[in-house]
Amino acid sequence: MFLEQAINGITLGGIYAIVALGYTLVFGVLGIINMAHGEIFMFGAFVGMLLVSKAGVPLPVAFLGAIAAAASMGLLLDRFALRPLRKRPGASHLASLISTIGVSILLENAAHRIFGAGNHLFETPFSDIRFQAGSVTVYLVQAAILGISLLMMAGLSLWLSRTRAGKALRATAENLETAGLLGVDTNRMITATVVIASAMGGVAGVLVGMAFNFINNRIGLSMGLKGLAIIIFGGMGSVYGAMAGGLILGLSETFVVAYGPAGYRDAIAFVTIIVVLLVRPQGLFGQAVSDGKP
Amino acid sequence: MLEVRDLETYYGNIKALKGVSIEVPEGAIVGILGANGAGKTTLLKTIAGVLAPRAGAIVFRGEDIAGLPSHRILARGVALVPEGRAILSRMTVRENLEMGAFIRRDAGIAADMERVLRRFPVLSGRLRQPGGSLSGGEQQMLAIARALLSSPKLLLLDEPTLGLAPLMVAEIFDIIREIHAAGTTVLLVEQNIRQAMKVSSRTYVMETGKIVMEGPSKDLLREPRIRAAYLGRE
Ligand SMILES: Nc1ncnc2c1ncn2[C@@H]1O[C@H](COP(=O)(O)OP(=O)(O)OP(=O)(O)O)[C@@H](O)[C@H]1O
Ligand SMILES: [Mg+2]
């Protein structure tokens, strides 16, 4: 029972972590929270749902479709809502925050029009397959979700720490001006970051569909709020904070439901976060702000 | 090599450069001095593309580079070591150096990295440390080493000795001489005026966004107005 719950918690936490990574990457380079990320994630889920449940294509193809759709939305978001504001010296970076809020409202309404307000079944072909190990039951879907999210986290960490482009992204996140002086085309780097973060949102969308078997046009908001809470909890802009924060939130939620008052699921998760922030205001992995820059 | 003509740069509505013209011949060390707030940093940042000028020209090796973004200007061979060093403090010393060579694709990077580490031995023992954990002098070494790894033709140095102990100041000036001897042209902003005027062949004096005096450094060193305003009565 305990082990099963732990597996459930890590699976959920993995999804949370992927969502939170999307926020944290963009926060790193732009210094703002991309309020449209939750909605891009939701569109990823819908594209995945259409491909799997309606078109009946294999799951990997649905992932590719969701990634392509979410990445294109990220590109459009940057091109039309963020980049025009970057070119203006003196424009407050809050302007781009407002801009992403606008896009999120637009996308949410669009989803309502296209897909309606009801639940849509997300049928995973192998949703009944499970393994029995002693008294522990593990569903193949869970193993797949866990595998994919761990793979993405490991891949992102390696990319950021080992590759030329990953290092350039970290340099851009730490100091835009310095990165430019070192030869990084920071404008392109920001665009690339928004696209990568959105693509990860698309993956997370499909993972949520697989985990809960249904999606609707409100998952963007609810997942978005969790993602936000996680990056505040983990430390704004911190990649490892998003990963650890996601896993901790997933585990604490699952155990609250299993052993505590299920109705307090969200409340207790957020109480955990508030307690951590009272002790460490900069978040788990956050750096205390000393130089006025996030 | 570099010719700046009638350059005007603004911060919002504040005019920080009011028509600055300077010339840096190939192979020279040229110095810029001036009181706090004179516009020295603004001038270097405009040349390096961090700030865009509102008027004037910056001609580098025959091409006007005014207003280009900084990564393009670096690609043409102009590197800036900014005031305050601008070390990437969360990245390791090695990663800082690797980022120095970011624009290069040639095969000589590894050899250059070794050469730089031999020249700056304090860095070679600290490659895995975060850049932010270095002392001020070490950070300045790192900033200069990092800029050199882009193989610049023109190196802009903004107060490289600021806040350093006398021994470290002497070391930095030795390094500047070596860089120059190795064929790199240098434009140097300094507050250590006497030493700066000794290494440079030509000096410009800035005041409130304008060049107010210029000439061969050894002549300016004897100039009574310079002695009174900047060198004190020694
Ligand atoms: N970001 C900024 N916004 C507004 N005004 C600025 C900004 N940076 C500099 N200034 C102003 O522009 C003028 C020139 O500043 P600059 O930093 O170029 O001087 P400096 O000669 O480098 O001085 P220092 O010797 O103190 O480094 C100053 O009056 C300064 O107050
Ligand atoms: Mg200055």
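The values are calculated or read from the model by the stated rules, or taken from the named source; none is laboratory data. Treat the numbers as computed from the prediction; the structure is a model and nothing was measured. Every residue, glycine among them, receives a Cβ derived from its backbone with ideal geometry; neighbour counts consider all protein chains shown.
Of all residues in the range B:123-144, those satisfying the criterion of being touching a residue at least 40 places away in the same chain (Cβ under 8 Å) and crowded, with 23+ Cβ neighbours inside 10 Å are B:G131, B:Q140, B:L142, B:A143, B:I144. As for the range A:154-173, it holds at least one residue that is more than 14 Å from chain B (Cβ to nearest Cβ) and touching a residue at least 60 places away in the same chain (Cβ under 8 Å). If you check B:V20 against the conditions, is it aliphatic (A, V, I, L, M), outside any loop (DSSP other than H, G, I, E, B), buried (at least 19 other Cβ atoms within 10 Å of the Cβ) and within 14 Å of ligand 1 (Cβ to nearest atom)? Answer is yes for this residue. Of the helices (runs of 4 or more DSSP H) lying entirely inside the range A:142-258, the ones with 1 or more residues being over 15 Å from the mean Cα position of the chain (by Cα) and aliphatic (A, V, I, L, M) are found at A:164-174, A:176-181, A:186-212.
Are any residues in the range B:179-213 more than 16 Å from ligand 1 (Cβ to nearest atom), surrounded by 15 or more Cβ atoms within 10 Å (Cβ to Cβ), of a type outside the set (S, T, N, Q) and not in a helix (DSSP H, G or I), and if so, which ones? The answer is B:V186, B:R202.
Within the range B:76-108, the set of residues being more than 7 Å from chain A (Cβ to nearest Cβ), hydrophobic (A, V, I, L, M, F, W, C) and touching a strand residue (DSSP E or B) at 6+ places or on another chain (Cβ under 7 Å) comprises B:V78, B:A79, B:V81.
Consider the range B:181-206 and keep the residues that are among the polar types (S, T, N, Q) and within 15 Å of ligand 2 (Cβ to nearest atom). The one that is farthest from B:G19 (Cα to Cα) is B:N192. Taking the condition small (G, A, S) and surrounded by fewer than 21 Cβ atoms within 10 Å (Cβ to Cβ), does A:A165 pass? For A:A165, the condition - small (G, A, S) and surrounded by fewer than 21 Cβ atoms within 10 Å (Cβ to Cβ) - is met.
Of all the listed residues (B:L157, B:L149, B:L162), the sole one being within 16 Å of ligand 2 (Cβ to nearest atom) and at pLDDT 95 or above is B:L157.
Taken over the range A:80-137, the criterion of being touching a residue at least 24 places away in the same chain (Cβ under 8 Å) and among the charged types (D, E, K, R) is satisfied by A:R83, A:R86, A:E108, A:E123. Exactly one residue among A:I18, A:I10 is buried (at least 24 other Cβ atoms within 10 Å of the Cβ), at negative phi and at pLDDT 90 or above, and that residue is A:I18.
What about B:L167, is it modelled with pLDDT under 95 and either of a type in the set (A, V, I, L, M) or away from ligand 2 (no atom under 16 Å from the Cβ) (or both)?
yes
Consider the range B:32-70 and keep the residues that are over 14 Å from B:E207 (Cα atoms) and part of a strand (DSSP E or B). The one that is farthest from ligand 1 (Cβ to nearest atom) is B:E63.
Just wondering, is there one or more residues in the range B:215-232 that are more than 28 Å from A:T178 (Cβ to Cβ) and either within 13 Å of the chain's Cα centre (by Cα) or within 16 Å of ligand 1 (Cβ to nearest atom) (or both)?
So the first thing to find is which residues in the range B:215-232 are more than 28 Å from A:T178 (Cβ to Cβ), and the list is B:215-232.
Narrowing further to those that are either within 13 Å of the chain's Cα centre (by Cα) or within 16 Å of ligand 1 (Cβ to nearest atom) (or both): B:229-230.
For the range B:215-232, residues more than 28 Å from A:T178 (Cβ to Cβ) and either within 13 Å of the chain's Cα centre (by Cα) or within 16 Å of ligand 1 (Cβ to nearest atom) (or both): present.
In the range A:24-131, counting only helices (runs of 4 or more DSSP H) that sit wholly within it, the ones holding 3 or more residues that are over 17 Å from A:V203 (Cα atoms) and out of contact with any Leu (no Cβ under 9 Å at 6 or more places or on another chain) span A:83-86, A:94-115. Regarding the range B:211-219, can at least one residue be identified that is away from chain A (no Cβ under 14 Å), within 16 Å of ligand 2 (Cβ to nearest atom) and touching a Pro at 6+ places or on another chain (Cβ under 9 Å)? Among the residues of the range B:211-219, not one is away from chain A (no Cβ under 14 Å), within 16 Å of ligand 2 (Cβ to nearest atom) and touching a Pro at 6+ places or on another chain (Cβ under 9 Å), which makes the answer no. Restricting A:L85, A:L3, A:L75, A:L94 to residues that are modelled with pLDDT of 95 or more, surrounded by fewer than 21 Cβ atoms within 10 Å (Cβ to Cβ) and over 18 Å from A:N213 (Cβ atoms) narrows the list to A:L75. Scanning the range B:12-25 for residues that are within 16 Å of ligand 2 (Cβ to nearest atom) and under 20 Å from B:I73 (Cβ atoms) returns B:A16, B:L17, B:V20, B:I22. Listed by first and then second residue, the pairs with beta-carbon distance under 7 Å, at least 6 apart or on different chains, first residue in the range B:14-42 and away from chain A (no Cβ under 14 Å) and within 13 Å of B:E159 (Cα to Cα), second within 10 Å of ligand 2 (Cβ to nearest atom) and of a type in the set (D, E, K, R), are B:I32/B:K40; B:G34/B:K40. Looking only at the range B:26-79, residues that are within 16 Å of ligand 2 (Cβ to nearest atom) and either surrounded by fewer than 18 Cβ atoms within 10 Å (Cβ to Cβ) or more than 25 Å from A:M189 (Cα to Cα) (or both) come to 13 in all. Tell me which residues, restricted to the range B:156-170, are under 22 Å from B:V50 (Cα atoms) and either touching a His at 6+ places or on another chain (Cβ under 6 Å) or in a loop (DSSP other than H, G, I, E, B) (or both). B:E159, B:P160, B:T161, B:L162, listed by residue number.
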